[in-house]
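Student: Below are the structure tokens for one structure; questions will follow.
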Amino acid sequence: MSSHRFGSFLVAAACAFVSMAASAHAILLDSTPKPNGTLAAGHVQMMFKYNSKIDQHRSRLVLIGPDKTETVLTIVADSKSNELDTSADLTPGAYTLRWQALALDGHITRGDLPFTVVAKQ
Amino acid sequence: MELLVDIFGYLSIILHGFTIVAQSMTLGGILFLVFLVRPFAHLLPQGADLERRVARLTIYSAIGLILAEIAGVGLQVAVVKSTVGLTFLDVMQAPFAIAGTIKTVCALLLIPCLGERMSRGLLGAVLPLLLGAAELTAATFTTHAYARLDNNVLLLFVEGLHQFGAAIWIGAIPCFVLALSKLQNVDSWRVVGARFSRMSMIGVASIIISGTIMSVFYIGDVQGFYGTAYGVMVGAKIAMFVALLLLGLGNLLVTERLRKNQDASVIRLRRFAEVEIGIGFTIFFAAASLTSVPPAVDLTNDRVTLHEIAVRNAPAWPRLTSPDHDQLAVSQAQAQLDHEAEQRHQAAAQAIIPGSGVLAPRNAEDIAWSEYNHHWAGIFVLVIGLLALLNRAGVRWLRHWPLLFLLMAGFLLVRSDPEVWPMGQEGFWAAWRDVEVAQHRFFVALIIMFGLFEWAVRTGRLHSPKAALVFPLLVSVGGAMLLTHSHQISNVKDQLLIELTHTPLALAGVSSGWARWLELRLPGRGGRIAGWVWPICFMLVGVILLWYREA
């Protein structure tokens, strides 16, 4: 192997070790419920609005209940292009909504949104 | 699979970096072949041989593109399929998978088109160009432009122009270096140099125009530049782009002297071009990382102000004593869990599950712990730079300075992640799911490798000049890693303030590596100057680390 080829190989090999950080791509701009917010018990409409277009069919919303049980929520098919909309019957307690959004450009972002459900007044 | 989403996301960005490199080299190779080698082959004594070699390099690049694309898309498909519970065929209909398939098919079709049978005639030029254009178009559909809420068509075009500029300039430099090394006479160098200068200028213009437009749409204002991760990363890209322009300017001057039949150093042309490849590829990996960060314009809250940057970077004495391990937030959380489990006579849960996406708690002691680590690392690097400088000045017994890297690697392995083995509860293997831990381990591995190689070279244990190149290459890689090193902190502002410190560190690291490369490869005054520059860059890294603050 000539020195030039070896140099090219080393450049290529060097790049093999370069690592990149995975940061959030899609940002949650707005939501119902808000992070650490409160909702009234009953049949609740929920909305998660992002900064980019989302592939709704290939994204996921999981509700973690007060007893830590996980329920996959159905995402409304005709949500706005940058939203994940869903609904659920909720009883009072502490919940976490775990979202995973696939942006149309192929990046996956996920996050947890804790909120509380209180009894209707 | 749930626990692997973060580390797979990180791997997919690495693969995306490889994809950009391979794509740029493929497209750059096609353009070099069609617009430089073939039209001028009759003027070059080794024209036919050069054409074969450039075509072969382009085919290898296309194969690299196919492999990187299949691996990258495969990883994404696997994550979506298993976490959302869809069929393989369903996920393959996602826009990113369709774009990846088109890119792969285009690269596959390119291989026979670049063969010798197709090298003559109009079809031999048009087909590769059309396939390259189709591949480039598909590539733009995996950029921010496609997922934006507005101006998609304009931004897709601008992204395409940006990638075209990168390909015709940086992507074609390996072909240029190949041509310079294979052609043997001044006339040939003159022809190739003059033509490639013009191609590079088209590339530079494309990058500047598209980069400016993207800055307007993705960054928006000045605070977006310094106050967001996206802006800071773009700033680092611009700094490296300026370095490339300076090297390119140096090469342009050589080319002009050649054109005027004056004496000029072709060896300098080649060496500068090698460094351009290295810095250019670093930019490509930064670009891959950039695609995973939200554009600055979208981050309206949690931006950092100049005042906050000034306050964070106010000089303070380095922290040279460490807090106790059991005072750290994760240790206390684990102790609490252990205590509760003991009362219930159950096995204790782990305070942090690597890869769960739940960030570790942090208190003032955690900050002190991290600052202590950075400050001692700074002392190590400062001393290493100083010893290397003294060694260069003639103190021969200081040639053992690279051994200090091993000490530093051991320090980092033990201290970087206190929640992980050997100090914490998390097991060595399970901790690989944590992106930050994985990055720290890569650093440790890199430091050990370049320390050992450099020590062996300096003490005469390794005689090959090629072995000496390992050190500058791995140092450059380490710099590039720092550029994108992330701290998993839930506070976005704190995270950015840390990244602001790591960016100059990274740039100094990359400069150091390539300066050492020039010292080894460039004869004469240029090489000697580079030999003084890189230890100073090391010392600069040490000073910046000593300056580091997390609160």
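Just so it is clear, none of the values below were taken in a lab; they were calculated from the coordinates. Keep in mind the model is a prediction, meaning the values are calculated, not measured. Backbone-built Cβ (ideal geometry, glycine too); neighbour counts: all protein chains shown.
Student: As an exercise, take the mean of 1/r over every pair of distinct alpha carbons in chain B, invert it, and state the Kirkwood radius in angstroms.
Tutor: On the way: mean 1/r = 0.0395 Å⁻¹.
About 25.3 Å, per the Kirkwood formula over Cα pairs.
Student: Additional query: Just the number: Rg to Rh for segment B:179-272, Cα atoms, Kirkwood Rh, two decimals. List each step's numbers first, then the result.
Tutor: Values: Rg = 17.3 Å, Rh = 15.2 Å.
Rg divided by Rh gives 1.14.
Student: In debye, nearest 20, what is the charge dipole magnitude of the protein assembly as shown about its Cα centre with +1 on Lys and Arg Cβ and -1 on Asp and Glu Cβ, if you could check?
Tutor: Values: 51 positive and 47 negative charges, 674 e Å.
Dipole magnitude for the protein assembly as shown comes out near 3240 debye.
Student: Taking beta carbons within 10 Å but only from partner chains, what does the mean come to for residues B:280-291? Display every interim value, and only then the final one.
Tutor: Numbers: counts 0, 5, 3, 0, 2, 4, 2, 1, 2, 6, 2, 6.
Per-residue shielding by partner chains comes out at 3.
Student: Could the peptides B:23-31, A:73-81 be put in order, highest first, of the mean number of other beta-carbon atoms found within 10 Å of their residues?
Tutor: Per-residue Cβ counts within 10 Å, averaged per peptide and sorted highest first, yield B:23-31, A:73-81.
Student: Note down the magnitude of the dipole of chain B about its Cα centre, charges +1 on Lys and Arg C-beta and -1 on Asp and Glu C-beta and zero elsewhere, to the nearest 20 debye. Kindly include the intermediate steps, with their values, before the conclusion.
Tutor: Working: 40 positive and 37 negative charges, 634 e Å.
Roughly 3040 debye for chain B.
Student: Between their Cα atoms, which of A:LYS53/B:LYS237; B:LYS237/B:LYS493; A:LYS68/B:LYS493; B:LYS81/B:LYS103 are more than 28 Å away from each other? Walk me through the numbers on the way to the answer.
Tutor: Working: A:LYS53/B:LYS237 26 Å; B:LYS237/B:LYS493 21 Å; A:LYS68/B:LYS493 31 Å; B:LYS81/B:LYS103 21 Å.
Those over the limit are A:LYS68/B:LYS493.
Student: Next question. Taking every residue in B:76-85, how many Cβ atoms of other protein chains lie within 10 Å of its Cβ, on average? List each step's numbers first, then the result.
Tutor: Values: counts 4, 1, 0, 3, 8, 1, 0, 8, 10, 2.
That works out to 4 on average.
Student: Moving to a separate point now. Would you tally the net charge around B:ALA316, using a Cβ to Cβ cut-off of less than 15 Å, leaving B:ALA316 out, and scoring K and R as +1, D and E as -1?
Tutor: Details: positive: B:ARG312, B:ARG319, B:ARG549; negative: B:GLU371, B:GLU550.
After counting each charged neighbour, the total is +1.
Student: Summarise the partner chain shielding of A:104-117 as one whole number: the mean count of Cβ atoms from other chains within 10 Å of each residue's Cβ. Spell out each step's value before the answer.
Tutor: Working: counts 9, 14, 19, 13, 12, 4, 6, 1, 4, 0, 0, 0, 0, 0.
That works out to 6 on average.
Student: Going toward the positive end of the dipole of the protein assembly as shown, with +1 on Lys and Arg Cβ and -1 on Asp and Glu Cβ, which of B:TRP429, B:LEU389, B:LEU108 do you reach last?
Tutor: Highest projection toward the positive end goes to B:LEU389.
Student: Farthest toward the dipole's positive end in chain B, which of B:PHE35, B:ALA134, B:CYS537, given Cβ charges of +1 (Lys, Arg) and -1 (Asp, Glu) about the Cα centre?
Tutor: B:PHE35
Student: May I ask for the equivalent-ellipsoid semi-axes of segment B:306-547, computed as the square root of five times each C-alpha gyration tensor eigenvalue and listed largest first in whole Å?
Tutor: On the way: eigenvalues 279, 79, 46 Å².
They are 37, 20, 15 Å, listed largest first.
Student: Rounded to the nearest 5, what is the percent of antiparallel bridges among the DSSP beta bridges in segment A:25-118? Provide the component values of the computation, followed by the final result.
Tutor: Working: 32 of 36 bridges.
Roughly 90 percent of the DSSP beta bridges within segment A:25-118 come out antiparallel.
Student: Quick check: residue separation of B:LEU89 and B:HIS400 times 0.36 nm, minus the Cα distance between them. What number comes out in nm?
Tutor: Difference between extended and current length: 106.2 nm.
Student: HN-Hα J couplings of segment B:188-201 from phi, Karplus 6.51/-1.76/1.60, θ = phi - 60°, integer Hz, Gly and Pro as x?
Tutor: 3J(HN,Hα) across segment B:188-201, in whole Hz: 5, 4, 4, 4, 5, x, 5, 5, 5, 4, 5, 4, 4, 5.
Student: For the protein assembly as shown, what are Rg and Dmax over the alpha carbons, in angstrom?
Tutor: 26.4, 91
Student: Using the per-residue mean of other Cβ atoms lying within 10 Å as a proxy for protection, in what order, highest first, do the peptides B:89-100, B:285-296 fall?
Tutor: On the way: B:89-100: 19.2, B:285-296: 23.7.
Result, highest mean Cβ count within 10 Å first: B:285-296, B:89-100.
Student: Determine ³J(HN,Hα), in whole Hz, for all residues of segment A:39-45 in sequence, where each value follows from phi through the Karplus function 6.51 cos²θ - 1.76 cosθ + 1.60 and θ = phi - 60°; x replaces Gly and Pro.
Tutor: Values per residue, Gly and Pro as x: 10, 7, 5, x, 7, 10, 8 Hz.
Student: Skipping prolines and chain starts, which residues have an amide H placed within reach, meaning under 5 Å, of the one on A:LEU29, given they are 5 or more residues away or on another chain?
Tutor: Those lying under 5 Å, H to H, from A:LEU29 are A:LYS49, A:TYR50, A:ASN51.
Student: Then there's this: Please report Rg (one decimal) and Dmax (integer) in Å for the Cα set of segment B:419-525.
Tutor: Calculated on Cα positions, Rg and Dmax stand at 16.9, 54 Å.
Student: While we're on this one: Relative to the longest principal axis of the C-alpha atoms of chain B, give the angle of the C-alpha long axis of helix B:229-259, reported between 0 and 90° and rounded to the nearest 10°.
Tutor: Once rounded, one gets 30 degrees.
Student: Return a whole-number percent for the relative contact order of chain B, with Cα pairs under 8 Å and 6 or more residues apart as the contact set.
Tutor: Details: 781 pairs, mean separation 80.4, N = 551.
Rounded, it is 15 percent for chain B.
Student: While we're looking at this one, here's another question. Compute the angle between helix B:364-393 and the longest alpha-carbon principal axis of chain B, please, reported from 0 to 90 degrees and rounded to the nearest 10.
Tutor: 50
Student: I need the Debye-formula profile for segment A:25-118: one equal scatterer per C-alpha, no solvent, reported as log10 I(q)/I(0) at q = 0.24 1/Å, two decimals.
Tutor: Debye intensities relative to I(0), on a log10 scale: -1.25.
Student: If you don't mind, another one. So what is the relative contact order for segment B:2-298, in percent, with contacts set as C-alpha pairs under 8 Å and at least six apart? Intermediate results must be reported in sequence, preceding the final value.
Tutor: On the way: 368 pairs, mean separation 68.4, N = 297.
Reported relative contact order: 23 percent.
Student: Next question. Could you order the peptides B:37-45, B:470-478 from most to least packed, using the average number of other C-beta atoms within 10 Å per residue? Show your work: numbers first, answer last.
Tutor: Numbers: B:37-45: 15.8, B:470-478: 26.2.
Those peptides, ordered most packed to least, come out B:470-478, B:37-45.
Student: Among residues other than B:ALA94 whose Cβ falls under 15 Å from its Cβ, what is the net charge (Lys/Arg +1, Asp/Glu -1)?
Tutor: Neighbour charge sum, excluding B:ALA94 itself: +1.
Student: Apply the Karplus curve 6.51 cos²θ - 1.76 cosθ + 1.60, θ = phi - 60°, to the phi angles in segment A:104-119 and return the couplings in whole Hz, x for Gly and Pro.
Tutor: In residue order, the calculated couplings are 4, 7, x, 8, 9, 10, 9, x, 10, 10, x, 7, 10, 10, 10, 5 Hz.
Student: I've got another one for you. Once you place label points 7 Å from the Cα toward the Cβ at B:ASP221 and B:LEU245, how far apart are they in nm?
Tutor: The answer from the label model is 2.6 nm.
Student: Between segment B:126-144 and segment B:367-405, how far is it from one alpha carbon centroid to the other, in angstrom?
Tutor: For segment B:126-144 versus segment B:367-405, the Cα centre distance is 47 Å.
Student: Give the angle, between 0 and 90 degrees and rounded to the nearest 10, that separates the Cα long axis of helix B:492-521 from the longest principal axis of the Cα atoms of chain B.
Tutor: For B:492-521 against chain B, the angle is about 50 degrees.
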